[in-house]
Amino acid sequence: MAREIDIREGIDWTTVWLYAALVFFGWLNIYAAVYNPENPITIFSTSHNAGKQLLFISSTFVLILIILFVDYKVYDSFAYIFYGFVILLLIATIFLATEIKGSRSWIKLGSTFSLQPAEFSKIFTALALARFLSTQGVNISKVRDAVVAGLLVFVPPIIIILQKETGSALTFAAFIAVFYREGLPGIYPALGIALAILFVLVLFFNKFYVVAGLAVACGLFWYMFLKRYERTRQNLVRLGGVFVIASAFVFGVKFFTTNVLQPHQQKRIQVLVNPDSDPLGAGWNVTQSRVAISSGGIIGKGYLQGTQTKFDFVPEQSTDFIFCTVGEEWGFLGSVIVILFFAALLNRIINLAEKQRSKFSRIYGYCVASILFFHLLVNIGMTIGLMPVIGIPLPFLSYGGSSLWSFTILLFIFLKLDAHRSYKV
């Protein structure tokens, strides 16, 4: 009979220390983002974001203990129940939430704190997806199973979009990487990447030029990459169908950006294409963020010495734009070190995921890595002007209880599953 797992033996402490380092560094930078030299309030004061973040950090210890001491089988056995609960909560949020900046995604908890259920929905979607894909006989290369998995992933973002919280909804695209890892034919991710490239090309170039480029690409493929015996009428019809569908997509992009996206989202795309199109409006955040990061130089201006920060040039600097504080005060070297810490954490998670004896644990581990990577890529990309501003936090560094709690729960459920794998009986 196996004895109880000693968490101190089974837990992967390398991952824990990487997590702790990122959280601590985030707390320091949140204080720097709200620091006022004319009124230097202590970092522990709950009258500003740094003090509140310390309360959130302290509360994560309770969450971590609960996660680690709950039976690991709970996360697999009750995955669908958790998922159903969060779907109901997301629907209720539409009616219960207070409208903040046009979004109805935050539920008030008293007069000071708010909770964003959309942040937690990624955790329970990951659990439900891992539960489904680990079920015996399920194969994502089968159309039926792929459709079911797709519904599990894309129902929550549809509800989140109804809350007018597009940024949180877009993060669910991270699960596509998990589908591919679990056997989804490569043609589907490749098709998604191709459509994304077309979307970007239409933003930067006239749509007729893009269609002309597609025609040239199809012609080159026909004459240069297909062998003579492959140039059949059937393949010509297929290639023509691809060209027609791609061309329809190109013309559909304009309709989508004009008639589907909200005005502020249209502005953000315009700013991505041309940062000077609205320098005092939608382009202000990105422009000032880039100024802050570039002004940091190689080694930065020094902790609490950021001028862009002190004079509040960058809105939301302790939340979505926390990375520009890192760039200004810690410079290029500091920014690289932060990214390397994230890279080490992602590498560790993926390595642990590959070692799992349980298919459920492996799939969930890849969900964790994919979600963290997507947030990292988009958040840093938008602060330097390579991505549109969609308002998603930088994991463990950005201010906010919902963000910190959700990423902590996401990560430590995996560490609990891994602790069971690591323990030798």
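The values are calculated or read from the model by the stated rules, or taken from the named source; none is laboratory data. Small disclaimer: the values here were computed from a predicted structure and weren't measured. Cβ: placed from backbone, ideal geometry, glycine included. Neighbour counts: every protein chain shown. The area values use the complete protein model at the heavy-atom level, side chains included, leaving out ligands, DNA and RNA. Shrake-Rupley method; radii C 1.70, N 1.55, O 1.52, S 1.80 Å.
Checked against (1) under 22 Å from the mean Cα position of the chain (by Cα); (2) open to solvent by 30 Å² or more (accessible area, probe 1.4 Å); (3) farther than 20 Å from Ala92 by Cα, Ser114 passes all but condition (3).
Which members of region 121-177 meet the condition of being acidic (Asp, Glu) and touching a residue at least 40 places away in the same chain (Cβ under 8 Å)? Show your work before the answer.
Initially, region 121-177 is screened for residues acidic (Asp, Glu), giving 145, 165.
Across region 121-177, the qualifying residue is only Glu165.
Any chance region 204-211 includes a residue that's part of a helix (DSSP H, G or I), out of contact with any strand residue (DSSP E or B) (no Cβ under 9 Å at 6 or more places or on another chain), open to solvent by less than 70 Å² (accessible area, probe 1.4 Å) and not β-branched (Val, Ile, Thr)? Steps first, please.
Quick first cut of region 204-211, residues part of a helix (DSSP H, G or I) only: 204, 207-211.
Restricting the remaining residues to those that are out of contact with any strand residue (DSSP E or B) (no Cβ under 9 Å at 6 or more places or on another chain) gives 204, 207-211.
After this cut, where a residue has to be open to solvent by less than 70 Å² (accessible area, probe 1.4 Å) as well, the list is 207, 210-211.
Still in the list and also not β-branched (Val, Ile, Thr): 207.
Yes: one or more hits.
With respect to the conditions (1) closer than 24 Å to Cys324 by Cα; (2) part of a loop (DSSP other than H, G, I, E, B), Gln356 falls short on a single one, namely (1).
Give Lys52, Lys108 a once-over and let me know the one that is touching a Ser or Thr at 6+ places or on another chain (Cβ under 7 Å) and in a helix (DSSP H, G or I). Full working, then the answer.
Working: Lys108 fails: in a helix (DSSP H, G or I).
None of the others qualify; the one that does is Lys52.
The set of residues from region 382-405 being out of contact with any Pro (no Cβ under 9 Å at 6 or more places or on another chain), surrounded by fewer than 24 Cβ atoms within 10 Å (Cβ to Cβ) and among the small types (Gly, Ala, Ser) comprises Gly391, Gly401. The criterion of being closer than 18 Å to Leu18 by Cβ, in a helix (DSSP H, G or I) and touching a helix residue (DSSP H, G or I) at 6+ places or on another chain (Cβ under 7 Å) holds for Phe342. Is at least one residue of region 158-176 open to solvent by less than 10 Å² (accessible area, probe 1.4 Å) and of a type in the set (Phe, Trp, Tyr)? The answer is yes; a qualifying residue exists.
Just one of the listed residues (Leu417, Leu410, Leu397) is closer than 23 Å to Leu55 by Cα, touching a residue at least 60 places away in the same chain (Cβ under 8 Å) and either of a type in the set (Lys, Arg) or assigned to a helix (DSSP H, G or I) (or both), and it is Leu410. Applying a threshold of 9 Å to beta carbon distances and a minimum spacing of six or more residues, or different chains, the list of pairs starting in region 277-297 at a residue that is of a type in the set (Phe, Trp, Tyr) and ending at one that is modelled with pLDDT under 70 and surrounded by fewer than 20 Cβ atoms within 10 Å (Cβ to Cβ) reads Trp284/Asp278; Trp284/Phe313; Trp284/Pro315.
Among the residues that make up region 122-133, is at least one of them of a type in the set (Ser, Thr, Tyr) and open to solvent by less than 30 Å² (accessible area, probe 1.4 Å)?
Taking region 122-133 first, the residues of a type in the set (Ser, Thr, Tyr) are 125.
Then drop every residue that is not open to solvent by less than 30 Å² (accessible area, probe 1.4 Å), which leaves 125.
Looking through region 122-133, at least one residue is of a type in the set (Ser, Thr, Tyr) and open to solvent by less than 30 Å² (accessible area, probe 1.4 Å).
Quick grid of which residues meet (1) under 19 Å from Lys122 (Cα atoms); (2) more than 21 Å from the chain's Cα centre (by Cα); (3) among the aromatic types (Phe, Trp, Tyr):
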residue	(1), (2), (3)
Ile64	yes, yes, no
Phe69	no, yes, yes
Phe85	yes, yes, yes
Leu96	no, yes, no
Ser103	yes, no, no
Trp106	yes, no, yes
